[in-house]
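Please read the structure below before turning to the comments.
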Amino acid sequence: MSVVRLHELEFEPYLSEGEVLAAVDRVAAEINTHYAGERPLFIGVLNGAFVFAAELFKRLTIECEITFVKVASYHGTSSSGTVTDLIGFNERIEGRHVVVVEDIVDTGNTIVHILELLRDRHPASVRVATLLFKPDAYKHQVPIDHVALSIPNVFVVGMGLDHDGLGRNLRGIHRITSHGK
Ligand code: IMP
């Protein structure tokens, strides 16, 4: 891996593909144990989670299903300012064990709102699996159940994560360089 330029920013190698996939192995093993005999439904959050979802899913040995959802954020009239909606999600999840698959949990605002929207549909349980977690940026109390890798509060790209559309195809995780800004 080497330094890459995406739009106006520079990114340097941070975590190799091998390191990330070893962490995915561990998360998959946790999930295989936790959901043995349950047939959970995995919900990948597009666009970023498609790489992690694929790597995770092919390591699952339990009976399981997967679907994908897009999240639309727009400014509404609520006091919080931003309203989030799930697009293209027609799955019946009542009584199902659901695992939301995310690329990264940063402040946690997105995942917490997704969890609220899913709970309105009365699943039997909902847990979260994320490729990356930034504990120093996280602002909520909701536990993030399955974390492949915790990272400091730095901006990263690769393995599905982007900077303004670019970088999702990078193998391994790259982080922003101090002089690339
Ligand atoms: P939240 O702050 O947890 O709600 O994260 C919102 C979204 O910001 C994530 O789903 C990502 O799409 C994006 N994001 C947060 N941190 C990063 C990063 O380091 N690289 C790329 N995207 C990020």
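For region 91-138, give me each residue that is β-branched (Val, Ile, Thr) and more than 16 Å from the ligand (Cβ to nearest atom).
Result: ILE93, VAL98, VAL99, VAL126.
Tell me which of these ALA22 doesn't satisfy, since it passes every other one: (1) hydrophobic (A, V, I, L, M, F, W, C); (2) more than 14 Å from the ligand (Cβ to nearest atom); (3) touching a residue at least 12 places away in the same chain (Cβ under 8 Å); (4) not in a strand (DSSP E or B).
(3)
Rule-based calculations on the coordinates, nothing more; no lab input. Everything numeric here is computed off the predicted structure, so don't read it as measured data. Glycine gets a Cβ as well: all are built from the backbone with ideal geometry, and neighbour counts include every protein chain shown.
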